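> Here it is, the structure, as structure tokens.
The values are calculated or read from the model by the stated rules, or taken from the named source; none is laboratory data. Worth saying up front: this structure is predicted, and the values here are computed from it rather than measured. Cβ coordinates were reconstructed from backbone atoms using ideal geometry, including for glycine residues, and neighbour counts include every protein chain displayed. These accessible areas exclude ligands, DNA and RNA; they are computed on the full protein's heavy atoms, side chains included. Shrake-Rupley method; radii C 1.70, N 1.55, O 1.52, S 1.80 Å.
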Amino acid sequence: MINHKVDFIFTIEVEGANPNGDPLTGNMPRIDGRGYGEISDVCLKRKIRNRMQDMDHAIFVKAAERCDDGFTSLQKRFEASFKKDVPDEKVAEQANEKWMDIRAFGQVFTYQKRALGIRGPVSISIGKSVDPIETTTMQITKSVSGMDPGPGKTRSADTMGSKHYVDWGVYVVNGSVNCYLADKTGFDEEDLNVLKKCIRTLFVNDVSAARPDGSMEVKDIYWFNHSSKVGDVSSGKIKDLLLHDELSTGTLKPCYEDYNFRLDEEKLKAFEEEGISVEHFTGL
């Protein structure tokens, strides 16, 4: 089992990609009210689940295009494993043993007239860009009509379209692992190491038209180990450790190194005296 709280911070560089489209705005990259880019926690967990699956770990919430067990819904996957007369406590125990993503993130089961919720120890924040992002919209056309254009017409309405992407930006993501919830789900040190690998390789095997290969990259990962289960300092204070420089006004082509990401050495030294230890590694 895990006997200490964990916090982590990682950065993501985006160039010419749509990191997370918003269906309410025509799939444009997500932004908040101030123009800062966002990557939803659900999107990040989806990518972590995909990496778990790539590493041959069983997961419950599989993407439709990655389904490899013949079940077309979560309900069918659940009902293939559990009968109606199995007590909720047994379902929770066996689900945690069987599926790594449930051990990590938890799950709500509403099948077989159940209302069973499992709280997972791993929490992931919404990714936020360091600066407001600029979104480019590119008009595109198909070389052939997808639908029959009708008599006397050469092209149908679906021939025209749009593609949205972030020119360049850097996002910061925070997360933590709760020991008390890990005890309940069985999330252990081996699972923790898998989570590390998933974050480090987050965009491996994640290519799409919206995210060309190499357009998104995990850069720096800071992994904080506490000396106790409850934690030596709050997660909020851990988040405040990350520092960066401001981009020079008028920079035509900024790069990741311009931010000079680093930890506040003075605060970190005080936290280390409280029992915190930190690992710094980079994405693949």
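> Any idea which residue in region 93-115 is nearest to the chain's Cα centre (by Cα), counting only those that are open to solvent by less than 20 Å² (accessible area, probe 1.4 Å) and hydrophobic (A, V, I, L, M, F, W, C)? Full working, then the answer.
Step one: list which residues in region 93-115 are open to solvent by less than 20 Å² (accessible area, probe 1.4 Å), which gives 95-96, 99-102, 104, 106, 109.
Among the residues that remain, those that are also hydrophobic (A, V, I, L, M, F, W, C) are: 95, 99-100, 102, 104, 109.
Numbers: 95: 22, 99: 18, 100: 15, 102: 15, 104: 13, 109: 22 Å.
Here the answer is 104.
> Another question about this same structure. Starting from residues that are among the small types (Gly, Ala, Ser) and without any contact (Cβ under 8 Å) to a residue 60 or more places away in the chain, keep the ones in region 101-122 and report whichever is farthest from residue 178 (Cα to Cα).
The residue in question is 115.
> Then there's this: Check 284, 263, 241 and return the single one that is within 29 Å of residue 5 (Cα to Cα), within 23 Å of the chain's Cα centre (by Cα) and open to solvent by 50 Å² or more (accessible area, probe 1.4 Å). If you could, list the steps in order and put the result at the bottom.
Working: 263 fails: open to solvent by 50 Å² or more (accessible area, probe 1.4 Å); 241 fails: open to solvent by 50 Å² or more (accessible area, probe 1.4 Å).
The conditions single out 284.
> Also, quick follow-up: Do we have any residue at all in region 38-53 that's on the phi > 0 side of the Ramachandran plot and either small (Gly, Ala, Ser) or modelled with pLDDT of 95 or more (or both)? Step through it out loud before you land on a result.
So the first thing to find is which residues in region 38-53 are on the phi > 0 side of the Ramachandran plot, and the list is none.
Checking region 38-53: not a single residue is on the phi > 0 side of the Ramachandran plot and either small (Gly, Ala, Ser) or modelled with pLDDT of 95 or more (or both).
> Continuing with the same structure: With respect to residue 202, determine if the residue is under 16 Å from the mean Cα position of the chain (by Cα), outside any loop (DSSP other than H, G, I, E, B) and in contact (Cβ under 8 Å) with a residue 60 or more places away in the chain.
No; evaluated as a whole, the condition is false for this residue.
> Kindly evaluate residue 219 against the criterion of being outside any loop (DSSP other than H, G, I, E, B), in contact with an Asp or Glu (Cβ under 8 Å, 6 or more places away or on another chain), at pLDDT 95 or above and not hydroxyl-bearing (Ser, Thr, Tyr).
On the way: outside any loop (DSSP other than H, G, I, E, B): yes; in contact with an Asp or Glu (Cβ under 8 Å, 6 or more places away or on another chain): yes; at pLDDT 95 or above: yes; not hydroxyl-bearing (Ser, Thr, Tyr): yes.
Yes; evaluated as a whole, the condition is true for this residue.
> A further question on this structure: Scan region 256-284 and report the pairs whose first residue is more than 23 Å from residue 215 (Cα to Cα) and whose second residue is part of a helix (DSSP H, G or I) and among the acidic types (Asp, Glu), with Cβ atoms within less than 9 Å and a gap of 6+ or a chain change.
Once the first residue is more than 23 Å from residue 215 (Cα to Cα) and sits in region 256-284, its partners that are part of a helix (DSSP H, G or I) and among the acidic types (Asp, Glu) give 278/272.
> Hey, any hits in region 62-72 for a residue that's crowded, with 19+ Cβ neighbours inside 10 Å, basic (Lys, Arg) and touching a residue at least 12 places away in the same chain (Cβ under 8 Å)?
Initial filter on region 62-72 (crowded, with 19+ Cβ neighbours inside 10 Å): 62.
Of the ones still in play, those that are also basic (Lys, Arg) are 62.
Still in the list and also touching a residue at least 12 places away in the same chain (Cβ under 8 Å): 62.
Yes; the residues of region 62-72 include at least one that is crowded, with 19+ Cβ neighbours inside 10 Å, basic (Lys, Arg) and touching a residue at least 12 places away in the same chain (Cβ under 8 Å).
> Confirm whether residue 62 is outside any loop (DSSP other than H, G, I, E, B), under 18 Å from the mean Cα position of the chain (by Cα) and not aliphatic (A, V, I, L, M).
Values: outside any loop (DSSP other than H, G, I, E, B): no; under 18 Å from the mean Cα position of the chain (by Cα): yes; not aliphatic (A, V, I, L, M): yes.
No.
> Which of the residues that make up region 21-37 are farther than 12 Å from residue 135 by Cα and surrounded by 15 or more Cβ atoms within 10 Å (Cβ to Cβ)? Quick ask: steps written out before the conclusion?
Let us first name the residues in region 21-37 that are farther than 12 Å from residue 135 by Cα, namely 22-26, 32-34.
Within region 21-37, 22 is the sole residue that qualifies.
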